[in-house]
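Chemist: Sending over a structure as structure tokens; questions will come in a sec.
Quick note: the coordinates plus some simple rules give every number you see, no bench work behind them. All values derive from a computational prediction rather than experimental measurement. Methodologically, a virtual Cβ is constructed for each residue, glycine included, from the backbone with ideal geometry; neighbour enumeration extends over all protein chains shown.
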Amino acid sequence: MKQIKLSRTDRYLYGVLSLLVIFILSVSTLVVPVYAQQQQSYQPPHQKPGPATDQIQFKSFTVDIAPTAIQGNQMDFYAFALRTSAAKGLLVRSDIKIYRAPASTIAIILNPAPAPSGDLNPFSIREVRYAMQYLVNRDFISSGIYQGLAVPMVTHISPFDYDYLTLYDLTKSMNIHYDSDYAKSIIDSAMTKAGAAKDTQGRWTYNSKPIQLKFIIRTEDERRDIGDTVASELDKLGFTVNRQYMQFAPAIQAVYSSDPRVFQWNMYTEGWSKGSLQKYDFATLNQMAAPWFGNMPGWQESGFYQYQNATLDDLTKRIFTGDFKNLDERDSLYRQATLAEVQESIRIWVVNTVNSYPAGPSLKGVTNDLAGGPTSMYTLREAYIPGKSTLTVGNVWVWTQRTIWNPVGGFGDVYSTNIWQYIHDTPLSTNPFSGDPTPFRAKFNVSTAGPDGKLNIPSDAFTWDASSGQWKNAAAGSQAKSKVIFDFSKYIGANWQHGQPITMADIIYNLYQTFDNTYNPSKSKIEFAASTVNKPYLDTFKGFRIIGDNKLEVYVDYWHFIPDYIAQYAEPVSLSMPWEINAAMDNLVFTQRKAAYSDTAAEKFQVPWLSLVMDKDARLVRNTLLDFSRNNFVPTNALTVNGKSLVSLADAQKRYNVSTAWFDKYDNMVISNGPYILTKFDPTAQYAQLDAFRDPTYPFKPGDWYFGEAQTIDISNVQGGLLAVGSDAKYSVQVSGPGQLGLKYILFDPVKGQILTSGDASKTSSNQLAVNIPSSVTSKLVTGSPYNLYLAAYSDKIAYVSERNVQVSVGSSLTSTTTATNITSSTTTTSVTTYTPTMSSSEGGSLGSLGGSETLIIAGLVVLIVTIAAVLVLRMRGRRSGV
Amino acid sequence: MKAARVLAVRGATLFGVLIVSLLLVIVVLGATGVSDRMIDSLVNEQVRGLRQSLAQTIRDPDQLERVVSEQRQQLISFYGLDRPWYTRLPDMVWRVFTLDLGSARTLKSFEGSTRVSDIVLERLPNTIILVTSALVISAVIGLYVGVKLATRVGSRLDRAMSYLSAVSYALPTWWVGILLILVLSFQVRLFPFGGIISAPAPQDPLARALDVIWHAALPVATLVVASVGGWAYAVRTMVLNTAQEDFVTAARAKGLPENVVMRRHIIRVAAPPILTNIVLGLAASLGGAILTETVFNWPGMGRLYFDAIMALDENVVVALTFMFTVLYVVSRFVLEVLYIMLDPRVRY
């Protein structure tokens, strides 16, 4: 065989090629689907039942100190959002990781009330209100004021909401953007028509009086800058804006407690926290646009001017009550209502802000959920730091004046619920990325007869009869729209935290408690608030049946086009506490009258608002259990179903003993079934401690509920052939992400402000979609004119859309993508913060931002120098005058 | 006898001050409508939040409206808005006057009690540890330094201390507090940055006490730094003025030793105004130091008063106003008695 001799160049080339091949092969083993990669990136620290970490310590840190505390290893994760300026400075640091969540929305609400005779309120004119849409520079606000930590929005739905897709083409067709000239033209025309005129200085007047706009601007956050920006724009258009800077209390008093006709305000900078993720919104639209709902000017307060709009009322009520047959009909109603909302422009939506939560870089297992961000129920079940058995979690407070731990009446503040969510397991939860109801510790199976149908309720189904105080069979001929069978197998047989097994008795007592507290006349007089709130909801429950040892069948008069939402609605019990604790609390509240479930009842009857973490209250519960034990008490009426008793005296005595022993050990009565036990709660020290519940019967272990970050939906590689007038055009788009992917497209003419065509792209392969624009559309194109091809990719697994704006023009091929308006970054997105509009961001207690400490030091030094200088001067003067 | 009569008149006057203060509270809170308006806005805000949460489960608009309306009535009753201010507030004032401080509406103690007396008794020791201690330290240092300076008027020490005193007096407490936190808590890590006790708290009583003292170090230092200058300069000035009196010159001329002159003729004469400052300062210290308590997250009386105003907890506001006024009145009366004892010139 002839030996082949390679030249030096060849050897070099072969060497490089070999290295390249080796490199590609090496890297390819690391490149796995992103979604799968996220699964693999979490390594459970162990396989023991319970949570990933052994102990969590909750401590209080003010928001200004939080980043420094994390850097100093004083805490591992901060469950309260940082200020925008502080967050921005931390994004580039390697010793702090920032989790982001779209937390709040900002709007400017306009007062539409008619002015008294002789005056003019510009915002009583619909055209003027609508013009405001073009006066708010949302791009500047999101990129300048919020420094990129916000996304513009023009309706009550932001790009972080699933219904953004429902409104996608509608939003685009509105073509709302900053255009002060356009706004001016509308305002000038409308104001002149209304009889207003500009004076010699270009200020609007009416009957020779200057038109003043009272703008209430909140000062606690970036709304101050937003208010100033908008006020400046109005000023340029000739309005005299009276800026009134206010904090929370005086602002809400001026806006929400005054008659709009009194004109304590014309405009106000609102801030809203986003509630739990809702894939198919029904409440937010009503809350933000429906006059009947009571959140529009007038607030449905008797005697006040009320903003009215019959069209909006009709449309929104139909959505609220579910008066539609299917999703398409619902979407149509939703679009009509949103269009009407924007046309009326009572609320000018500005941005959806993104909140930031800092954590140490070593923290693993965080689920950045679309509804709760990193503070969701999943994170601390899975979070851990390698090599450490304890996690330190910070929040602004651990205990406040409103802190109440009362699973029946409710928890008094968000700081308590943030801890409580790790102590108990709910039957259902929501998927952190799609927002869909999902089985957590209970499975479900839904049957429904549809919006107009009925299911017959079997004769052995039972309901609670408060008048006779027992479970009775459902009335003959009873019917309901839907039936849900809940399987509690993961509960029943497993232990409560005090070691006793969870049984059907716990479920039935929970059910009894909910119904009897609402329908029992003597109880509802005591806990009036709870009974009035629960009754309309409980009226829809028509019957229950125990099936086998572990299942409960629930008949409910409720329908939703997604069956999982029926299950969520019909979730019958929280199953958060053993029956004996519930029974002891009931006895305290309704028989002994020594405590109350609600603050209003506590105030009315001058008894403590029952809190199971307070020694005094927990002791009352313990003493009641001792009485139960001494008196051989068993709540047989509640725990006898269809003639069968669900608990024996012996079992009851065991329960009483272990529960009282619990108090002796932990000084509280918080006994539940979740992965953590509350072992310490110290209000003075602002400290709470959770220890892992490692019972072998606990059904979950680390890794079971890890979701990580929501995978991004990426639009890439948009390819297109020559776009020619009168010819079909086709664009190929590559979309990647989890689940079933789809792509909506809109071809938009920015010059005319019109949608030329829109639709759903067709799938050509698993991640390739085709946008086809027919010749009937392209024949209307003008050569040289720019057009926007808006693309919105979505997935059934994630409740937000990913957008891209591609600029196309006639006579050119498209070979690369442009202007990604993808709002997600590699570390983020999604979800909700626990920040509420009622809490000042300065609630942490510090008076100044330690992030601006340098400014403070400089200011202090200036004061010092000035003082010393003044003293010196005075002394010198004194010497000269001989004093 | 005459002194007793005068003291009785003074006492009655001070009692009048107490009454007027309480009446002013009623007028400010009630007659101006401030209290009703703010509580009303609180109710509205809660109702708006309630409407949002109820909408998740009550899908019938009429039922939703009915429930919201019923809840509003409950809240109105809870906050006492169902009674006009001229019955609500005077009742409250009369009750505290009879030493029944009542219950807080929204505030509570760390143990969960809503009784105002429990809340106050829980916070008062915190304030004594912080503010009263700082006052005592400032006063002692101020007295010592002030007297020393008064005997070295015009010296370099006197001039330097004068400047420092002015600086100390000018320094805002909150700024000093933040500076100390930055340097001593975050840079040097010698002291905690806030709170009253470590989390978790030590169980051993001695360790717990030491832990509280360790937490109190920075806030006390803050208050001392911001107030000691004023004390020193005030004492210096008072002593200096007295030292320039003729009777002091006469005492020196008689050949009395300097320490006797200082003790008997200067300090004793200068004592009443100094004592006034101390007694009134002690009384005021029990009202807490809102700024320092906020910066250091110290649960004291100042913070309590602030929280009560922010939460519009009228019961607590009225009770605390009454308490602070009583403290002032009592301390003034004590001063009147002390003047008679200390200053022989004060005779009626």
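Chemist: What shape does chain A take by its C-alpha gyration tensor, where a ≥ b ≥ c are the square roots of the eigenvalues and a/c under 1.5 counts as rounded, a/b above b/c as prolate, and the rest as oblate? Numbers along the way, then the final one.
Modeler: On the way: a/c = 1.37, a/b = 1.24, b/c = 1.11.
Taking the square roots of the gyration eigenvalues as a ≥ b ≥ c, chain A is rounded.
Chemist: Suppose a student asked you for the relative contact order of the range A:187-257, using Cα pairs under 8 Å spaced at least 6 residues apart; what percent would you report?
Modeler: Values: 76 pairs, mean separation 21.5, N = 71.
Reported relative contact order: 30 percent.
Chemist: OK, next. Would you compute the Debye intensity of the range A:102-353 from its alpha-carbon atoms alone, equal scatterers and no solvent, and pass along log10 I(q)/I(0) at q = 0.07, 0.11, 0.12 Å⁻¹ to two decimals?
Modeler: After summing over all Cα pairs, the log10 values are -0.23, -0.57, -0.69.
Chemist: Restricting things to alpha carbons, tell me how big chain B is in terms of Rg and Dmax, in Å.
Modeler: In order Rg, Dmax, the Cα atoms of chain B give 25.9, 98 Å.
Chemist: Further question: Taking the Cα centroid of the range A:181-249 and of the range A:771-791, what is the distance between the two, rounded to the nearest whole Å?
Modeler: Taking the Cα centre of the range A:771-791 as reference, the centre of the range A:181-249 is 40 Å away.
Chemist: Still on this structure, please answer the following. Give me Rg over Rh for the range A:194-258, both radii from the alpha carbons and Rh done the Kirkwood way, two decimal places. Mind dumping the intermediate values first?
Modeler: Working: Rg = 13.8 Å, Rh = 12.9 Å.
Checking Rg against Rh, the ratio lands at 1.07.
Chemist: Given the options B:V9, B:I26, B:P90, identify the residue whose Cα lies farthest towards the positive end of the charge dipole of the range B:2-97 (+1 on Cβ of Lys, Arg; -1 on Cβ of Asp, Glu).
Modeler: The one lying farthest along the dipole's positive direction is B:V9.
Chemist: Of A:K88/A:K172; A:K443/A:K490; A:K97/A:K388, which ones are farther than 20 Å apart at the Cα? Can you show the working numbers first?
Modeler: Details: A:K88/A:K172 30 Å; A:K443/A:K490 9 Å; A:K97/A:K388 18 Å.
Over 20 Å Cα-Cα: A:K88/A:K172.
Chemist: Please express the Cα-Cα pair-distance distribution P(r) of the range A:31-165 as a list of whole percents, one per 10 Å bin, running from 0 to the bin with the greatest distance.
Modeler: P(r) for the range A:31-165, in whole percents per bin: 9, 22, 26, 22, 11, 7, 2, 0.
Chemist: Roughly how many nanometres apart are two label points built 7 Å out from the Cα toward the Cβ at B:L275 and A:K48?
Modeler: If labels sit at B:L275 and A:K48, their model points lie 6.7 nm apart.
Chemist: By how many nm would the segment from A:Q606 to A:D436 grow when fully extended, if each residue of separation counts as 0.36 nm and the alpha-carbon distance is taken off?
Modeler: Values: separation 170, 0.36 × 170 = 61.20 nm, distance 4.24 nm.
Extra length available between A:Q606 and A:D436 comes to 57.0 nm.
Chemist: With a Förster radius of 41 Å, plug the Cβ-Cβ distance of B:L24 and B:I340 into 1/(1 + (r/R0)^6) and report the FRET value to the nearest 0.05. Walk me through the numbers on the way to the answer.
Modeler: Working: r = 30 Å, r/R0 = 0.74.
Taking R0 as 41 Å, the efficiency between B:L24 and B:I340 is 0.85.
Chemist: Right, next: Rounded if a/c is under 1.5, else prolate if a/b is larger than b/c, else oblate: which is the range B:253-348, with a ≥ b ≥ c the root eigenvalues of its Cα gyration tensor? Could the numbers behind the result be given before it?
Modeler: Values: a/c = 6.95, a/b = 2.35, b/c = 2.95.
Since a/c reaches 1.5 but b/c is at least a/b, the shape of the range B:253-348 is classed as oblate.
Chemist: Residues in the range A:745-768, backbone N under 18 Å from the label point at A:N175 (7 Å along the Cα-to-beta-carbon vector): list them, ranges by number please.
Modeler: Flagged as within label range: A:746-759.
Chemist: Quick check: residue separation of B:W94 and B:L210 times 0.36 nm, minus the Cα distance between them. What number comes out in nm? Show your work: numbers first, answer last.
Modeler: Values: separation 116, 0.36 × 116 = 41.76 nm, distance 4.15 nm.
Taking B:W94 through B:L210 to full extension adds about 37.6 nm, to one decimal.
Chemist: Here's something else I'd like to know. Could you sort out which of A:K535/A:K616; A:K325/A:K483; A:K279/A:K797; A:K214/A:K317; A:K594/A:K616 sit more than 21 Å apart by Cα distance in this structure? Let's see the in-between values first.
Modeler: Values: A:K535/A:K616 31 Å; A:K325/A:K483 19 Å; A:K279/A:K797 11 Å; A:K214/A:K317 32 Å; A:K594/A:K616 11 Å.
The answer is A:K535/A:K616; A:K214/A:K317.
Chemist: Additional query: For the range B:293-310 and the range A:46-61, what is the separation of their Cα centres, given in Å?
Modeler: Between the Cα centre of the range B:293-310 and that of the range A:46-61, the gap is 32 Å.
Chemist: Here's another thing I want to ask about it. What shape does the range A:714-809 have by the C-alpha gyration tensor, where a ≥ b ≥ c are the square roots of the eigenvalues, rounded means a/c under 1.5, and otherwise prolate means a/b greater than b/c and oblate the rest?
Modeler: Numbers: a/c = 2.36, a/b = 1.79, b/c = 1.32.
Here the range A:714-809 falls in the prolate category.
Chemist: Quickly estimate the mean residue ellipticity at 222 nm for chain B, helices only: each DSSP H run with n ≥ 4 gives -39500 (n - 2.57), and the total goes over all residues, rounded to 500. Present the calculation step by step, with values, prior to reporting the outcome.
Modeler: Working: 14 runs with 240 residues, N = 348.
Estimated from H runs of four or more residues: -23000 deg cm²/dmol.
Chemist: Please state the Cα pair-distance histogram of the range A:305-368 with 10 angstrom bins from zero: what percent is in each bin?
Modeler: Taking all Cα pairs of the range A:305-368, the binned fractions are 16, 31, 20, 16, 15, 2 percent.
Chemist: Okay, next question. Karplus couplings for the range A:289-301 from phi (6.51 cos²θ - 1.76 cosθ + 1.60, θ = phi - 60°), rounded to Hz, Gly and Pro as x?
Modeler: Along the range A:289-301, the couplings run 9, 8, x, 5, 6, x, 10, 10, x, x, 6, 6, 7 Hz.
Chemist: To the nearest 10 degrees, how steeply does helix B:116-127 sit against the main Cα axis of chain B, on a 0 to 90 scale?
Modeler: Computed tilt is about 40 degrees.
Chemist: Which cross-chain or sequence-distant (5 or more) residues have an amide H under 5 Å from the amide H of A:T438, H modelled 1.01 Å from N in plane?
Modeler: A:S429, A:T430, A:N431
Chemist: Under a 5 Å amide H to amide H cut-off, with H placed in plane at 1.01 Å, what residues pair with A:K542 once short-range neighbours are removed?
Modeler: Amide H neighbours of A:K542, under 5 Å, 5+ apart: A:Y555, A:V556, A:D557.
Chemist: Also, quick follow-up: Label points 7 Å out from Cα along the Cβ direction at A:S765 and A:S332: separation in nm?
Modeler: Reported label-point gap for A:S765 and A:S332 is 3.8 nm.
Chemist: Provide the FRET efficiency to the nearest 0.05 for the A:S489-B:T32 pair, computing r from the beta carbons and using R0 = 45 Å. Mind dumping the intermediate values first?
Modeler: Working: r = 63 Å, r/R0 = 1.39.
Efficiency, rounded to the nearest 0.05: 0.10.
Chemist: Against the longest principal axis of chain B, how steep is helix B:61-78, in degrees 0 to 90 to the nearest 10, with axes from Cα atoms?
Modeler: 30
Chemist: Taking every Cα atom in the range B:2-97, find the radius of gyration and the maximum pairwise distance Dmax, and write them in Å.
Modeler: Using the Cα atoms of the range B:2-97, the pair Rg, Dmax is 21.5, 79 Å.
Chemist: Here's a follow-up. Using the Karplus curve 6.51 cos²θ - 1.76 cosθ + 1.60 with θ = phi - 60°, what ³J(HN,Hα) values do you get for each residue of the range B:265-272, in whole Hz, with x for Gly and Pro?
Modeler: 10, 10, 5, 5, 6, 7, 4, x
Chemist: Here is a further query. Starting from the Cα-Cα distance between A:D615 and A:S185, subtract it from 0.36 nm times their residue separation and give me the gain in nm to one decimal.
Modeler: Values: separation 430, 0.36 × 430 = 154.80 nm, distance 6.69 nm.
Gain on extension, A:D615 to A:S185, equals 148.1 nm.
Chemist: On a 22 Å Cα-Cα criterion, which of the cross-link pairs A:K542/A:K604; A:K454/A:K542; A:K454/A:K644 come out too long? Numbers along the way, then the final one.
Modeler: Working: A:K542/A:K604 33 Å; A:K454/A:K542 12 Å; A:K454/A:K644 29 Å.
Checking Cα-Cα distances, A:K542/A:K604; A:K454/A:K644 exceed 22 Å.
Chemist: Please list B:315-323, B:178-186 highest first by mean number of surrounding beta-carbon atoms within 10 Å per residue.
Modeler: Values: B:315-323: 22.6, B:178-186: 19.3.
The densest-packed peptide leads the list: B:315-323, B:178-186.
Chemist: Still on this structure: For chain B, set up a GNM with springs between Cα atoms under 10 Å and report which of B:N241, B:N259, B:N126 has the largest fluctuation.
Modeler: B:N259
Chemist: Give the distance, in whole Å, between the Cα centre of the range A:650-668 and the Cα centre of the range B:1-75.
Modeler: 42
Chemist: For the range A:150-271, give the magnitude of the charge dipole about the Cα centre (Cβ charges: +1 Lys/Arg, -1 Asp/Glu; no others), in debye to the nearest 20.
Modeler: Working: 13 positive and 16 negative charges, 131 e Å.
Result for the range A:150-271 is approximately 620 debye, rounded to the nearest 20.
Chemist: Using a Förster distance of 51 angstrom, determine the FRET efficiency expected from the C-beta separation of A:S447 and A:K780, and round it to 0.05.
Modeler: Calculated transfer efficiency: 0.50.
Chemist: Applying the Karplus parametrisation 6.51 cos²θ - 1.76 cosθ + 1.60 with θ = phi - 60° to the phi angles of the range A:553-563, what ³J(HN,Hα) value in whole Hz is obtained for each residue in order, glycine and proline being reported as x?
Modeler: Using θ = phi - 60°, the values come out as 9, 10, 9, 9, 8, 8, 9, 8, 5, 10, x Hz.
Chemist: Given H placed on each backbone N at 1.01 Å, which residues far from A:Q754 in sequence or on other chains put an amide H within less than 5 Å of it?
Modeler: Excluding prolines and chain starts, which carry no amide H, the hits are A:D749.
Chemist: When the Kirkwood radius is taken over all Cα pairs of the range A:651-703, what Stokes-Einstein diffusion coefficient follows at 4 °C and 1.567 mPa s, in µm²/s?
Modeler: Details: Rh = 12.7 Å.
D = 102 µm²/s.
Chemist: In what sequence, highest mean first, do B:40-49, A:201-210 appear when ranked by Cβ atoms within 10 angstrom?
Modeler: In decreasing order of mean packing, B:40-49, A:201-210 become B:40-49, A:201-210.
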